[in-house]
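As structure tokens, the structure follows; a few thoughts come after it.
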Amino acid sequence: MSAKVDPILTVADLDLMPDDDNRYELFEGEVFVSRAPGLPHQRVLTNLLILFELHLKEHPVAKVWPNPGVIFDNFNAAIPDIVFVSNEHIDAIASGEKVTGAPDLVIEIVSPGVENERRDRTVKRQAYSKFGVREYWVVDPYQQTIEVYRLEQGQLVLVTTLANNDELTTPLLPELTCLVSQVFEG
């Protein structure tokens, strides 16, 4: 009796997935399916996008996109909630239809469920580490926390967990500051 082996899929296989409300992401050749996000998720996404867009109008050092396709290699492709690409990397990884390489910052907003949390905190963090994402935020709209991971010696390492009146900052945008509570308003 032999064990069942799931086939390893590629980015080309993602194009064959149904055109529905689900997100299809690929990590190490394995497909992960997520449903459309709920309203708490979308509220936080909107607040973060407004924060970034207002800041980048005054300090145009990067571009920010919600839900872009990001292709790391033939076996790894994601649809992060938000990606930030600095101007110094735009031409190299974000000049086409999708981002093709590691964004400087990736933000994932956690959806309810143990599997979603595991995927964001483990599977995606490992992939983003492997491909050199410099900073990774895991935003939890239910706990109202933001976990900040930074790349250290090839691994995204948790440097802080922010809540309520903590100040949200990033070395990628030294002038940007806001209270974490502002991310969860509304």
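For the structure I just gave you, tell me whether Ser111 is among the small types (Gly, Ala, Ser) and within 21 Å of Phe52 (Cα to Cα).
Numbers: among the small types (Gly, Ala, Ser): yes; within 21 Å of Phe52 (Cα to Cα): no.
So Ser111 fails the test.
Please verify whether Leu168 is in contact with a helix residue (DSSP H, G or I) (Cβ under 6 Å, 6 or more places away or on another chain) and either part of a strand (DSSP E or B) or not basic (Lys, Arg) (or both), treating the condition exactly as stated. Step through it out loud before you land on a result.
Working: in contact with a helix residue (DSSP H, G or I) (Cβ under 6 Å, 6 or more places away or on another chain): yes; either part of a strand (DSSP E or B) or not basic (Lys, Arg) (or both): yes.
When the stated conditions are applied, Leu168 passes them.
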Check: What about Lys98, is it of a type in the set (Lys, Arg) and either buried (at least 16 other Cβ atoms within 10 Å of the Cβ) or farther than 20 Å from Val133 by Cβ (or both)?
Finding: no
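Does any residue of region 116-137 turn out to be more than 19 Å from Leu158 (Cα to Cα), in contact with a helix residue (DSSP H, G or I) (Cβ under 7 Å, 6 or more places away or on another chain) and of a type in the set (Phe, Trp, Tyr)?
The initial filter retains those residues of region 116-137 that are more than 19 Å from Leu158 (Cα to Cα), namely none.
Within region 116-137 (the criterion being more than 19 Å from Leu158 (Cα to Cα), in contact with a helix residue (DSSP H, G or I) (Cβ under 7 Å, 6 or more places away or on another chain) and of a type in the set (Phe, Trp, Tyr)), the answer is no, since none of the residues qualifies.
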Margin query: Can you tell me how many residues within region 28-64 are in contact with a helix residue (DSSP H, G or I) (Cβ under 9 Å, 6 or more places away or on another chain) and closer than 21 Å to Val85 by Cα?
Written below: 9
Check: Looking at region 53-159, what helices (runs of 4 or more DSSP H) fall wholly within it and have at least 2 residues that are at pLDDT below 95 and of a type in the set (Asp, Glu)?
Finding: 114-118
Next item on the list: Give the residue, chosen from Gln144, Gln182, that is in contact with a strand residue (DSSP E or B) (Cβ under 9 Å, 6 or more places away or on another chain), surrounded by fewer than 20 Cβ atoms within 10 Å (Cβ to Cβ) and closer than 26 Å to Arg23 by Cα.
Entry: Gln144
Margin query: Can you tell me which of (1) aromatic (Phe, Trp, Tyr); (2) farther than 14 Å from Ala62 by Cβ; (3) buried (at least 18 other Cβ atoms within 10 Å of the Cβ) is the one Phe131 doesn't meet?
Written below: (3)
Note to self: Any residue in region 14-33 that is surrounded by 14 or more Cβ atoms within 10 Å (Cβ to Cβ) sitting within a Cβ distance under 7 Å of a residue that is among the acidic types (Asp, Glu) and not in a loop (DSSP other than H, G, I, E, B)? List the pairs, counting only those 6 or more apart or interchain.
What the structure shows: Phe32/Glu25
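Residues of region 131-154 being under 16 Å from Asn76 (Cα atoms) and free of Cβ contacts under 8 Å to residues at least 40 places away in the same chain, which ones? Before you say what the answer is, go through the steps one by one.
Taking region 131-154 as the starting set, the residues that turn out to be under 16 Å from Asn76 (Cα atoms) are 131-133.
Selection gives Gly132, Val133.
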Next item on the list: Any residue in region 157-186 that's in contact (Cβ under 8 Å) with a residue 40 or more places away in the chain and closer than 17 Å to His55 by Cβ: show its pairings with residues that are basic (Lys, Arg) and exposed (fewer than 12 other Cβ atoms within 10 Å of the Cβ) at Cβ separation under 9 Å, as long as the two are six or more apart or on different chains.
Entry: none
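Matching residues to (1) of a type in the set (S, T, N, Q); (2) buried (at least 18 other Cβ atoms within 10 Å of the Cβ); (3) free of Cβ contacts under 8 Å to residues at least 12 places away in the same chain; (4) in contact with a Leu (Cβ under 8 Å, 6 or more places away or on another chain):
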{"position": "Arg35", "(1), (2), (3), (4)": "no, no, no, no"}
{"position": "Leu54", "(1), (2), (3), (4)": "no, no, yes, no"}
{"position": "Asp73", "(1), (2), (3), (4)": "no, no, no, no"}
{"position": "Ile90", "(1), (2), (3), (4)": "no, no, no, no"}
{"position": "Ile93", "(1), (2), (3), (4)": "no, yes, yes, no"}
{"position": "Val106", "(1), (2), (3), (4)": "no, yes, no, no"}
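The values are calculated or read from the model by the stated rules, or taken from the named source; none is laboratory data. No experiment lies behind these values; they were computed from the predicted model shown. As a convention, Cβ positions derive from the backbone with ideal geometry for all residues, glycine included, and neighbour counts pool all protein chains shown.
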